[in-house]
Each structure stands twice: as structure tokens, then as C-alpha cells.
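The values are calculated or read from the model by the stated rules, or taken from the named source; none is laboratory data. Model, not experiment: these values are computed from the prediction. As a convention, Cβ positions derive from the backbone with ideal geometry for all residues, glycine included, and neighbour counts pool all protein chains shown. Keep in mind that these areas ignore ligands, DNA and RNA; they rest on the heavy atoms of the full protein, side chains included. Shrake-Rupley method; radii C 1.70, N 1.55, O 1.52, S 1.80 Å.
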Amino acid sequence: MNNALSHNDTILITCTLAAVALPLLAALLNFCLPVKSKVSGWVSTLAVLLSCVLAARVFAGIWNNHQIHHQYVWFTIGQTKVYAGILLNNLSALMLLLVSIIALPVHIYSTAYMKYDERYSRYFTYLSFFCFSMLALVVVDNLVLFYAFWELVGFSSYLLIGFWFTKDKAVQANKKAFIMNRVGDIGLLSAIIILFTQFHTFDILTLFANKGLIAQSVVNNGLWIAPTGQLPAIWQYIAVAGIFLAVVAKSAQFPLHTWLPDAMEGPTSVSALIHAATMVAAGVFLLGRVYPMFTETELTILACIGCFTAFMAATIALTQNDLKRILAYSTISQLGFMILAMGVGAYASSLFHLATHAFFKCLLFLVAGIVIHQMQHIRDDNDLDIDPQSILYMGGLRKRLPLTFIAAIIGGLALIGLPLTSGYLSKDGILIQAFEWSEGKSVWLKIIPLTALITSWLTAFYVARLIFKVFFGDLRLLNIHPKLKLHLTDGGWQYKLPLALLAVCCLFPLFSFNPFSYEQGWLFKGLNISRITKFESVYHLIIPVLVNVISLVVLYLAYAIYVKQNSFAFSQTGFLYRLSYNQWYIDKIYKRVFVKPVLGFGKACFWFDKNVIDGLIHLLTKLSGYAARLTAWADKYIVDGFLHLIATIVQSIGNFARKFQTGKVQYYLFSMLVIVLLLFILKILI
């Protein structure tokens, strides 16, 4: 199918292809450069800058206009034609722009952050390839290509997480991320196969459009009935479960969330990109693509998992001391909010929060990178043995890193969701719609919005704890080592410019001129396909007031504990503290339930291979040796001996007979006489 295109549509498709291809071209060029070449950083940065400009052009042409779907026959199997092409609508145009905008400051930041790394060029090769994979993922129009780029996103993240492969923790982290994501990939592949079996197409628009094949199919009387045929209803459930498994793995939701905190072993700039708008956002984007697939019951399950994940991750972030790990669990919690929003029908608010979260979480990770970088300088300059990521050694950095401090405040307020920030618009939209969704539901389902409300207050506390411990008070490391050499700075323009750009994007004007109404946001309007029945309820007033008033109380409580230190401190010996500090023991449970049995099974297989299979082979080898030696002896002494005996006999007979062949007549006559006499004697005897 090759639809006729207008001139403007052709330009938009060309811009899209160029935006996707430029990072790939940069990756190929960097691959050919020397490993320490500093040119590679600017090659990748220029490529993503051009991609950003082109993505903006595509966004301007697509947003709230007609969608573009253009495809060609890719390959044919029997009578089945598989098409490949580009699908540009509000969702894909938004993601194309968002990924490239977030990638740009990360690239600029990385040129300074990775300046002295021995594998500088390789880093930017991986980073560009990562951006290419994600940009392609959001614009492809069929499930086969979607799965291919889904895998490439996972593979490139594997390379980046384990970039410092000389560190054992980094190697373990990238293997863990790779394996746990493969679990989800099996689910996605299974779902794609089932969908093709039922609908005979991989085309995303044909399947998931408003009046597409999914919308025309129903589950009734144990059958999954579609215009193209029918299957037992169990296959619909399996397909949904497969998609959900893919989302859970990629977007780090319970129970497959444990890879994301460990992924902090990669460079901080990588963490900023992975946690902001790329890899972990791919799961939410997948939900946005296949949203009509889910029934009300399945969406409720989605809401429960998202709500639990958000709450669990927030409680864990309360007690962590690793700066990046706190932000990692914050990401898991915020992704839980997005999944929760999808489950309660707040489709637009979920994607709205995905966009706003991308900016303030990227900002906070870049802030963390600067802080950690400066703590590493202190460690190296003073020959200390400390963890530069531990907030226990920090404090008082607001005077020494003023721009970093301001950026952290803006990013933190947006993460909490206080007014005048973008986070306020998107998070309050989720909370309000969650309460509206719970109207008329069972008591158990009313727990979901209440838990989300509590989670937002927990978010305020752990964000305040992080900022107060890092930037307020005195540098605690000075209390341990009073004679430290300190040379702290915000860094050059490559650090400052990304912070400034992202900080501006964390404020409300970028998304809505009304700072208190998420419904007035252009992004919400452009994506609003909510299933929620609109209520003229008091939630629109009560929830924002309740959330923000108590959040301010929580902030003051954290200030009193960590700055003024004139209030009570939480017990660090109780069960709840240990549960939070040990990350709900989920990793330990996995190690005991899955890792140790698998390793034990592997060791048993190794023992069996070494002692049984190899033992049997060695036994057969020895027996074969013995049989060979016995055969050689028999061949030498029996077969060859028998032949030598015959030869000797024949030779003796020949020698004996030769004596009668002298050529003298008298000997012949004598011989004949002897023979005659012998015959005569034998005749007489017989």
C-alpha cells in the first residue's frame, strides 16, 4: 500500500527519516574514529541537534493536524504481505520531539563529563546508537519493526549500563538489566504472534485505531471474536499479559523493577537519558500505542500494579543514601504513577506526566552528576577512601555550587508537584482522575487513589531529604577530615547550559499558561481520549489543596529534621526502616528463590558434566586404549606370527626341495630310488 502524499506530507516524512537516521550516521562515524577522539562528542551532539530541529518541524506539522501513515511492501510470505512504513500522529510526534530534546542537553553535558574517559569515542558511539533506536521505535508503523527497535533499545542500554566494564558491579548490572528485559521481550513477542494469528496483520494503525480491528473485536462466551476470525478467549488474556509483561520489564514496574537501581553503575549522563524520556518511557509509550487492547478489568489490574509500584518505590527512596539510587527509585515511583494513570483511564495525564517527568528527572540526574563529580575531585585530591555518591558525606554545597543548587530546587519542586511547576499539572491531573475513577467502585479499589495520595507526600519527603542533606548545613566530610582541599565549582558552560535549559522546561509556561489547570495544557488537550466519565466534582479543588498543603507540612518536617536538627529523628532500627533500607528484601528474595537455585542447578549440571559425562567419556577413552593395545598385540603376535610361521614353513619346504634340484643325473636317480623304496615299504606296511 503506497498512499499518495501531499508535498507537505512528503517533507514531514523526509524530516522524520532524517531525524532518525542522523544519530545512526553519527554512531557509524564515531565507530571509525580513534577511541580517544574528542571529535566524536561534537559529531554526536551536532547530529542530535539537527534531529531536534527536524523533530520540531515534524511536531509543528503533525500536532492536532491530520496523521500521516505511509508504507511500502516490506516482504511477502505466501499470500501475506508485510508492510513497513512510518506512522506520524500526536503521540509519535510528541515522543520524537521529546526524545531528541532530552538527548540534546545530555550530549552537551557528556562532552565535559566524559572528557577524560579512555573510551570517549566509544561512549558517544553507544549514545548515538541508543538515540537512533529510540527515535525509530516511536515512528514505526508495524509490530515487527517495533519489536526490532524495542530490542535495539534494550541492547544499546546494555552497552551503556556496562560501559565501565572493568568494574564488576557494572558488568553485573548490565547483565541483570539485559536478562530481566528479555523476560518482558518474550511476552511482547508472544503477544505479537497472537495478534497476527487473530488479525492477520502487523499494522499498528489497522489494529489499534479508534475503529480498528481491536475496537471491533469482543470477548464473549469464551471466544475472542474479531472481523477476521475467532480464537478461544484465553488467547486475548495471554496477549494482554504478554504486553503487560513487556511494559513491566521495560518501565521497571513490580516485580521486574530491580534492574533499574543497579543500572546506576553506568555514567550519570547515561542514567539521565535512560530515566528521562527513552528506555524506561518505552513501556508507557507501548501502552499508549496498544491502549484499546485492554478491557476494564485488565486496566484495573494495571492500575493496581502501578499504584503498588509507586508506593513501594517511594518508601524505599526514603532511606537510601546513594544519591543516584534515590533518584532511581524515584523514577520507578513516577513510572508507577504513569501506569496507574493508564489503568484508571487517564490516558492523556499519563503521557503528560511522561513528558514533564522527562525534564525534571533528567535535570536532577545531571545535578547529581555534577555533585558526584565534585565529590570525586575531593576524594582524589585528598586521597580519601569514600563513596562519592553517598549523601552522608555531603552537605553545604548550595554556597559552593549555586547554579547546581538552584537547578536542584527547581527539579525537586517539579518532582514533588508543587504549583508553578510542570509536575504540578501532570501529577495532580493523575490524582484527580484517579479519585473520579474510584467513584462507584468497591471499597478495595478506593484504596488506589488514597495510596497514590500518600505516595505523593512520601515523594515530598524523600526529595526534601535529598536536597537538605546535599545542599544545606555543613559539608559533613569536613567534620571527619578538617584539612580537606576543596576546589568546588559548577563547571563550565557544558554543565551550566543543560541545567539552565532543563530548569526552564520544568516550569509551567512550557505546558500551560494556566499554572493551576492541567485540562488547559496543550499536551493534555492533544492526547485526551480518556474513558473517564466527566464528573463535576469537588476533587478538582480538594485534591490540589490537600496535596500541596500537606506537602508543605512534610517539607517543613524534613527541614526541621535534617537542617535545624531540633526535632525528632526517625528510628533506624525498626522493622519498617529495615524493610525500606533493604528495598523490601525483593532482591534478596529473588537471589534466594531464583538466583541461588539457578546457580545451584548450574553447579549440579557442571558436576554432572564433569564427573558423569566427562567420566563416562574418559572411561570409554581408557577402554578404547586398552582395546587398541590388545588389538595391536593380537595383530603383532597372532596374526603377524601366524603369517610369519607360514612363511617360515614355506621357506623351509622350499629350501628342502631346492636341495633336490642340483642338475646332476645321479642325484635324480638316487632320489627316484629312495621314493620308490619308500612307496614300496608303505605299501607293505599298509
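Mind checking whether some residue in segment 78-88 is among the charged types (D, E, K, R), assigned to a loop (DSSP other than H, G, I, E, B) and surrounded by fewer than 20 Cβ atoms within 10 Å (Cβ to Cβ)?
Within segment 78-88, none of the residues are among the charged types (D, E, K, R), assigned to a loop (DSSP other than H, G, I, E, B) and surrounded by fewer than 20 Cβ atoms within 10 Å (Cβ to Cβ).
Can you say whether residue 495 is at pLDDT 90 or above, within 22 Å of residue 516 (Cα to Cα), among the hydroxyl-bearing types (Ser, Thr, Tyr) and open to solvent by 10 Å² or more (accessible area, probe 1.4 Å), as far as the supplied structure shows? Give the derivation first.
Numbers: at pLDDT 90 or above: yes; within 22 Å of residue 516 (Cα to Cα): no; among the hydroxyl-bearing types (Ser, Thr, Tyr): yes; open to solvent by 10 Å² or more (accessible area, probe 1.4 Å): yes.
In short, no.
Could you please find all residues in segment 1-36 being over 21 Å from residue 60 (Cα atoms), polar (S, T, N, Q) and surrounded by 15 or more Cβ atoms within 10 Å (Cβ to Cβ)?
Correct list: 30 only.
If I ask for residues that are acidic (Asp, Glu) and part of a helix (DSSP H, G or I), which ones from segment 165-214 would you list? So that I can check it myself, show each step before the final result.
Kept after step one, since they are acidic (Asp, Glu), are these residues of segment 165-214: 168, 185, 203.
Selection gives 168, 185.
Quick one: how many residues across segment 256-271 are part of a helix (DSSP H, G or I) and within 14 Å of residue 157 (Cβ to Cβ)? Write out each step before concluding.
Start the filter on segment 256-271 by keeping residues that are part of a helix (DSSP H, G or I), which leaves 259-265, 268-271.
With within 14 Å of residue 157 (Cβ to Cβ) added as a condition, the list becomes 259-260, 262-265, 269-271.
Counting residues in segment 256-271 that are part of a helix (DSSP H, G or I) and within 14 Å of residue 157 (Cβ to Cβ) gives 9.
Are there any pairs with C-beta distances below 9 angstrom linking a residue in segment 97-120 that is farther than 19 Å from residue 34 by Cα to a residue that is of a type in the set (A, V, I, L, M) and assigned to a loop (DSSP other than H, G, I, E, B), with the two at least 6 apart or on different chains, and if so which?
Hits for this filter: 98/138; 98/277; 99/138; 99/277; 101/277; 102/277; 103/277.
For segment 632-659: of the residues being part of a helix (DSSP H, G or I) and of a type in the set (Lys, Arg), which is least open to solvent (accessible area, probe 1.4 Å)? Even if it seems obvious, please write down each step before you answer.
Narrowing segment 632-659 to residues part of a helix (DSSP H, G or I): 632-658.
Within this subset, residues satisfying the condition of being of a type in the set (Lys, Arg) are 636, 658.
On the way: 636: 120, 658: 143 Å².
Among residues in segment 632-659 that are part of a helix (DSSP H, G or I) and of a type in the set (Lys, Arg), the one least open to solvent (accessible area, probe 1.4 Å) is 636.
Can you tell me which of 379, 400 is closer than 17 Å to residue 484 by Cα, basic (Lys, Arg) and either touching a Cys at 6+ places or on another chain (Cβ under 9 Å) or in a helix (DSSP H, G or I) (or both)? Quick ask: steps written out before the conclusion?
Details: 400 fails: either touching a Cys at 6+ places or on another chain (Cβ under 9 Å) or in a helix (DSSP H, G or I) (or both).
When all the criteria are applied, what remains is 379.
Only one residue in 673, 576, 616, 623 is of a type outside the set (Ser, Thr, Tyr) and either closer than 30 Å to residue 179 by Cα or modelled with pLDDT under 85 (or both), so which one is that? Steps first, please.
On the way: 576 fails: either closer than 30 Å to residue 179 by Cα or modelled with pLDDT under 85 (or both); 616 fails: either closer than 30 Å to residue 179 by Cα or modelled with pLDDT under 85 (or both); 623 fails: either closer than 30 Å to residue 179 by Cα or modelled with pLDDT under 85 (or both).
That would be 673, the only listed residue that is of a type outside the set (Ser, Thr, Tyr) and either closer than 30 Å to residue 179 by Cα or modelled with pLDDT under 85 (or both).
If residue 479 meets every condition in (1) within 33 Å of the chain's Cα centre (by Cα); (2) free of Cβ contacts under 8 Å to residues at least 24 places away in the same chain; (3) over 18 Å from residue 370 (Cβ atoms) apart from one, which number is that one?
Answer for residue 479: the failing condition is (1).
Is at least one residue of segment 640-662 under 52 Å from the mean Cα position of the chain (by Cα), more than 30 Å from residue 321 (Cα to Cα) and not hydrophobic (A, V, I, L, M, F, W, C)? Even if it seems obvious, please write down each step before you answer.
Residues of segment 640-662 under 52 Å from the mean Cα position of the chain (by Cα): none.
No, there is no match, as no residue in segment 640-662 is under 52 Å from the mean Cα position of the chain (by Cα), more than 30 Å from residue 321 (Cα to Cα) and not hydrophobic (A, V, I, L, M, F, W, C).
Would you confirm whether any residue within segment 522-529 is modelled with pLDDT of 90 or more, surrounded by fewer than 18 Cβ atoms within 10 Å (Cβ to Cβ), assigned to a helix (DSSP H, G or I) and among the aromatic types (Phe, Trp, Tyr)?
So far as segment 522-529 goes, no, none of its residues is modelled with pLDDT of 90 or more, surrounded by fewer than 18 Cβ atoms within 10 Å (Cβ to Cβ), assigned to a helix (DSSP H, G or I) and among the aromatic types (Phe, Trp, Tyr).
May I ask you to verify whether residue 75 is open to solvent by less than 50 Å² (accessible area, probe 1.4 Å) and of a type outside the set (Lys, Arg)?
Working: open to solvent by less than 50 Å² (accessible area, probe 1.4 Å): no; of a type outside the set (Lys, Arg): yes.
No.
Can you tell me how many residues in segment 165-200 are modelled with pLDDT under 90, crowded, with 20+ Cβ neighbours inside 10 Å and either in contact with a strand residue (DSSP E or B) (Cβ under 6 Å, 6 or more places away or on another chain) or more than 21 Å from residue 283 (Cβ to Cβ) (or both)?
The number of residues fulfilling the criteria is 1.
Kindly evaluate residue 303 against the criterion of being buried (at least 24 other Cβ atoms within 10 Å of the Cβ) and under 27 Å from residue 97 (Cα atoms).
On the way: buried (at least 24 other Cβ atoms within 10 Å of the Cβ): yes; under 27 Å from residue 97 (Cα atoms): no.
The answer is no for residue 303.
Determine which member of the set 474, 490 is touching a residue at least 40 places away in the same chain (Cβ under 8 Å) and open to solvent by 70 Å² or more (accessible area, probe 1.4 Å). Explain how you work it out, then say what you get.
Details: 490 fails: open to solvent by 70 Å² or more (accessible area, probe 1.4 Å).
The conditions single out 474.
Would you say residue 30 is of a type outside the set (Ser, Thr, Tyr) and farther than 18 Å from residue 132 by Cα? I'd like the intermediate steps shown before the answer.
Details: of a type outside the set (Ser, Thr, Tyr): yes; farther than 18 Å from residue 132 by Cα: no.
In short, no.
It is to be established whether one or more residues within segment 438-445 are farther than 26 Å from residue 374 by Cβ, at pLDDT below 95, surrounded by fewer than 14 Cβ atoms within 10 Å (Cβ to Cβ) and among the acidic types (Asp, Glu).
Among the residues of segment 438-445, at least one is farther than 26 Å from residue 374 by Cβ, at pLDDT below 95, surrounded by fewer than 14 Cβ atoms within 10 Å (Cβ to Cβ) and among the acidic types (Asp, Glu), which makes the answer yes.
I'd like the full set of residues that are in contact with a His (Cβ under 7 Å, 6 or more places away or on another chain) and open to solvent by less than 10 Å² (accessible area, probe 1.4 Å), limited to segment 329-377. If you could, list the steps in order and put the result at the bottom.
As a first pass, look at segment 329-377 and keep what is in contact with a His (Cβ under 7 Å, 6 or more places away or on another chain): 331-332, 334, 337-338, 341, 361, 365, 377.
The answer is 331, 332, 334, 337, 338, 341, 361, 365.
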